[in-house]
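J.: Structure provided below as structure tokens; questions to follow.
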Amino acid sequence: MSFLGIDTSNYTSSVALADNNRLLADNRRQLRVKSGELGLRQSEALYQHWENLPELLEPALSFGDIKGIAVSTRPRAQKGSYMPVFNAGCSAARMLASALRLPLYEFSHQEGHIMAAAYMNEVDFSEKLVCAHLSGGTLELVMIENGELKIIGGTKDISYGQLIDRTGLMLGLEFPCGKEIDALALKEKGRGLRSPLSEIHCDGGSLNMSGTENQIREYISKNPDDKEGAAYFLMKAISDSFIRIIKNIGAEQVLVTGGVASSEFLRRSCREYAYIFGQPEYCSDNAAGLALSEGRAPWR
């Protein structure tokens, strides 16, 4: 018997099915964003989730017997955490659980990310663990210890993902811009040159990046044809700052997840450190971690 996971984040509708730590289905659909726009209103994202869910659920449900359903109901496992888009997945899960008389388990979107990143990796949840959640709109360091999740660091203004997407739009790329920025940065056209960007300001496990956004905007305005150089300088500054904040908090076991964690540039930059990166396909928004949980997070 299998276990169903449902997640409706800001930009992806996701349905997954797992049986004995083996994924049977991993169905996702990215939400549509108009060309040149930086994201979606919550109401538009919610509408698209309702359009996508029936088509994503139908093939997953065709596998047969399901013993339970897990769904993300909020962004974080913190009091007051709320975002309307998760109502789509939550409502669908509740209706299915009621109709099929199945137990329903509620998680946060962040917990789903952590469980998906741990899939196919050696992670010891019985020991202190820092999870770096690097998504489009999130940059947080979460300590998992004694069954508790506690935010111990992250951004004080914008996230890596927001900085990457804003830079991409300055360069004329389509949103979301992460994959294209990463590909441009990997050409390393700026390698060996003095960076026009100052180091991203870090204070312990926290950092500020609004100044970096202004600097990259100025560089692009003066060098509009240097897309590769701009992407390289940006990803180098991001990678260097990430390594610094992890060093600052002194973490021994670090799990890295979220869409930005799928960056090959970031992974190469961190190669000499013992960070545990989630598999690239399970770093971006998905319901795989929820389906694999079978209703219980390893730290609960």
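J.: Ignoring ligands, DNA and RNA, please state the percent of accessible area on the chain from carbon and sulfur, probe 1.4 Å. Write out the running numbers ahead of the final one.
T.: Values: 6300 of 13850 Å².
Carbon with sulfur: 45 percent of the solvent-accessible area.
J.: Write down the Å³ per residue value for the convex hull defined by the alpha carbon atoms of the range 40-123.
T.: Numbers: hull volume 11.0 nm³, N = 84.
Spelled out: Cα convex hull of the range 40-123, divided by residues, is 131 Å³.
J.: Given the alpha-carbon gyration tensor of the chain, what are the semi-axes of its equivalent ellipsoid in whole angstrom, ordered largest first, with each equal to the square root of 5 times an eigenvalue?
T.: Details: eigenvalues 226, 97, 50 Å².
Sorted largest first and rounded, they come to 34, 22, 16 Å.
J.: Follow-up. Going by the alpha-carbon gyration tensor, a ≥ b ≥ c the square roots of its eigenvalues, is the range 110-166 rounded (a/c under 1.5) or, if a/c is not under 1.5, prolate (a/b greater than b/c) versus oblate?
T.: On the way: a/c = 3.12, a/b = 1.68, b/c = 1.86.
It is oblate, given that a/c is not under 1.5 and a/b is not larger than b/c.
J.: Another question, then. Using helices alone, I'd like the mean residue ellipticity at 222 nm for the chain: each DSSP H run of four-plus residues gives -39500 (n - 2.57), total over residue count, nearest 500. Can you show the working numbers first?
T.: On the way: 9 runs with 112 residues, N = 300.
Estimated from H runs of four or more residues: -11500 deg cm²/dmol.
J.: Right, another one. Tell me, what is the Rg over Rh of the range 1-65, with Rh the Kirkwood radius over Cα pairs? List each step's numbers first, then the result.
T.: Numbers: Rg = 13.5 Å, Rh = 12.7 Å.
Answer for the range 1-65: 1.07.
J.: Per residue, what accessible area does the chain have, given a 1.4 Å probe and all protein chains present, in Å²? Write out the running numbers ahead of the final one.
T.: Working: 13850 Å² over 300 residues.
Averaged over the residues of the chain, the accessible area is 46 Å².
J.: Same structure again: Mind pulling the angle between the C-alpha long axis of helix 160-170 and the longest principal axis of the chain? Nearest 10 degrees, somewhere in 0 to 90.
T.: For helix 160-170, the angle is close to 60 degrees.
J.: Tell me, rounded to the nearest percent, the portion of alpha carbon pairs in the range 117-217 spaced more than 18 Å apart. Don't skip to the end; give the middle numbers.
T.: Details: 2986 of 5050 pairs.
Considering the range 117-217, 59 percent of its Cα-Cα pairs are separated by more than 18 Å.
J.: What list of ³J(HN,Hα) couplings, whole Hz, do you get for the range 21-35 from phi and the Karplus terms 6.51, -1.76, 1.60, once you set θ to phi - 60° and write x for glycine and proline?
T.: Karplus-based 3J(HN,Hα) across the range 21-35 equals 6, 10, 6, 9, 8, 8, 9, 9, 9, 6, 6, 7, 10, 4, 3 Hz.
J.: Counting residues in the range 163-270 as N, plug N into 2.2 N^0.38 Å and put the Cα Rg over that result. Walk me through the intermediate numbers first.
T.: On the way: Rg = 13.5 Å, N = 108, 2.2 N^0.38 = 13.0 Å.
Compared with the compact-globule rule of thumb, the range 163-270 sits at 1.04.
J.: Continuing with the same structure: Taking amide hydrogens as modeled 1.01 Å from N in the peptide plane, which residues meet the under 5 Å criterion relative to L139, leaving out close sequence neighbours?
T.: The answer is T155.
J.: Based on the inverse mean of 1/r over its pairs of different Cα atoms, what is the Kirkwood hydrodynamic radius of the range 229-290, in Å?
T.: Details: mean 1/r = 0.0805 Å⁻¹.
When all Cα pairs of the range 229-290 are included, the Kirkwood radius is 12.4 Å.
J.: Rg(Cα) of the range 134-193 divided by 2.2 N^0.38 Å?
T.: Values: Rg = 15.2 Å, N = 60, 2.2 N^0.38 = 10.4 Å.
Computed over Cα atoms of the range 134-193, the ratio equals 1.46.
J.: Follow-up question, since we're still on this one. Connecting C-alpha atoms closer than 10 Å in a GNM of the chain, tell me which of E106, E37, E264 has the biggest fluctuation.
T.: Comparing E106, E37, E264 in a Gaussian network model of the chain, the most mobile one is E37.
J.: Can you give me the solvent accessible area of Y47 with a 1.4 Å probe, rounded to the nearest 10 Å²?
T.: The value for Y47 is about 130 Å².
J.: Calculate how steeply helix 227-249 sits against the longest principal axis of the alpha-carbon atoms of the chain, using the helix alpha-carbon long axis, and give the answer as 0 to 90 degrees to the nearest 10.
T.: Result, in degrees: 70.
J.: Let me ask something additional. Taking the chain as the reference, fit the longest principal axis to its C-alpha atoms, fit the long axis of helix 109-118 to the helix C-alpha atoms, and give the angle between the two in degrees, 0 to 90, nearest 10.
T.: That helix lies at roughly 80 degrees to the long axis.
J.: To continue, here is another question. Any of K34/K227; K222/K247; K79/K128; K150/K247; K67/K128; K156/K247 with alpha carbons more than 28 Å apart? Name them for me.
T.: Details: K34/K227 22 Å; K222/K247 34 Å; K79/K128 22 Å; K150/K247 18 Å; K67/K128 31 Å; K156/K247 18 Å.
From K34/K227; K222/K247; K79/K128; K150/K247; K67/K128; K156/K247, over 28 Å: K222/K247; K67/K128.
The values are calculated or read from the model by the stated rules, or taken from the named source; none is laboratory data. Remember, predicted model here, so these are calculated numbers, not experimental data. To get the accessible areas, we keep the full protein, side chains included, count just its heavy atoms, and leave off ligands, DNA and RNA. Shrake-Rupley method; radii C 1.70, N 1.55, O 1.52, S 1.80 Å.
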